[in-house]
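The values are calculated or read from the model by the stated rules, or taken from the named source; none is laboratory data. The model shown is predicted, which means the values in this text are computed figures rather than measured ones. Cβ: placed from backbone, ideal geometry, glycine included. Neighbour counts: every protein chain shown.
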Amino acid sequence: MTTAAQKKAQQNRGSIFLEDGALLNVEEFPGDQFIMRIRSPKCAAAAAPGSFVHLSCDETLPMRRPLSIMRVEDDCIEVLYKIVGNGLRWLSRKRPGDSISVLGPIGQSFQLHEDRPNTLLIGGGVGIPPMVFIADHLRQNPSGWNPLAILGSEIPFPFAYRASAIETPWLGEDINATMPLLEDWGIPCRLATLAGYNGCFDGYVTDLADRWLSTLNPGELAKTEVFTCGPTPMLKAVATLAAKYSLPCQVSLEEFMACAVGGCAGCAVKISTPDGEAMKRVCVDGPVFEASTVVW
């Protein structure tokens, strides 16, 4: 008899690819942050907002590192990461022309719902990439969607922010810093930080999101959904904020991973299901979960 776990594994067959990617470009930003553009045709063709890749950092390191996909363009993917250990430090030393083993795309993606076109995208730190991926998807399918991106960081942002020309009447004019990429796509975006950067909101991303949500009437709230990725304390705070306004909220969880394809269960988290609490693997059962089901 086929078990539920076996059925889940079968669903992932043929959807995760292993290929030698070609590193095309590397951008370095303050705070040991890097954006890499990698030619990985099979992964790029199958990726969706919320999916991630498992990259080999160096031939001397057996363990791969999971990184969220930020953009897909043609046959290429882009990833953003911050050095937090030797593996990513080795990865940061690679240069254009080098080969990188890519395993992906992996994981359950965010699900957009047409009856909730007000999409609030909240990204913190290296949780920013999935929000950019959703925004990119929405700008390519613009009919009816009303996205707003709120991005936060306590170290310099991994982009040179600028003043926005897109009005946000619910904020003062002095809070106008935006991510240029989203601005160029015509997507409203505001930045939050406690680091005192000019033009940024002084506070947490949840404080800024609360300010916007408080301006919506019941009809607009009924058309709103929250999507978020970032460190666990931030995700928990976003989930609490969404519950305050009775909003659905999809969270992309961050966990340490070994295999990233469901075999080791080292990334398991506790999730509420109709049959009670159960341990679910962030890699293949997630990383995206409905926030109200996560046992924080």
Practice task
State whether the residues of the stretch 275-289 include one that is out of contact with any Pro (no Cβ under 9 Å at 6 or more places or on another chain), at pLDDT below 95 and part of a loop (DSSP other than H, G, I, E, B).
Solution key: yes
Exercise for the section: Please list, ordered by first then second residue, the pairs with beta carbon atoms under 6 Å, 6 or more apart or interchain, first in the stretch 123-138 and acidic (Asp, Glu) and modelled with pLDDT of 95 or more, second part of a helix (DSSP H, G or I) and buried (at least 24 other Cβ atoms within 10 Å of the Cβ). Expected result: none
Handout entry: The one condition in (1) of a type in the set (S, T, N, Q); (2) at pLDDT 95 or above; (3) out of contact with any helix residue (DSSP H, G or I) (no Cβ under 6 Å at 6 or more places or on another chain) that SER68 fails to fulfil
Key = (3)
Handout entry: Output for the stretch 148-175, where each listed residue is assigned to a loop (DSSP other than H, G, I, E, B), more than 19 Å from the chain's Cα centre (by Cα) and small (Gly, Ala, Ser)
Key = ALA160, SER164, ALA165, GLY172
Handout entry: the stretch 214-268, subset exposed (fewer than 14 other Cβ atoms within 10 Å of the Cβ) and among the β-branched types (Val, Ile, Thr), residue nearest to VAL84 (Cα to Cα)
Key = THR240
Exercise for the section: Would you check which residues across the stretch 182-211 are over 24 Å from ILE155 (Cα atoms) and of a type in the set (A, V, I, L, M, F, W, C) and list them? Expected result: TRP185
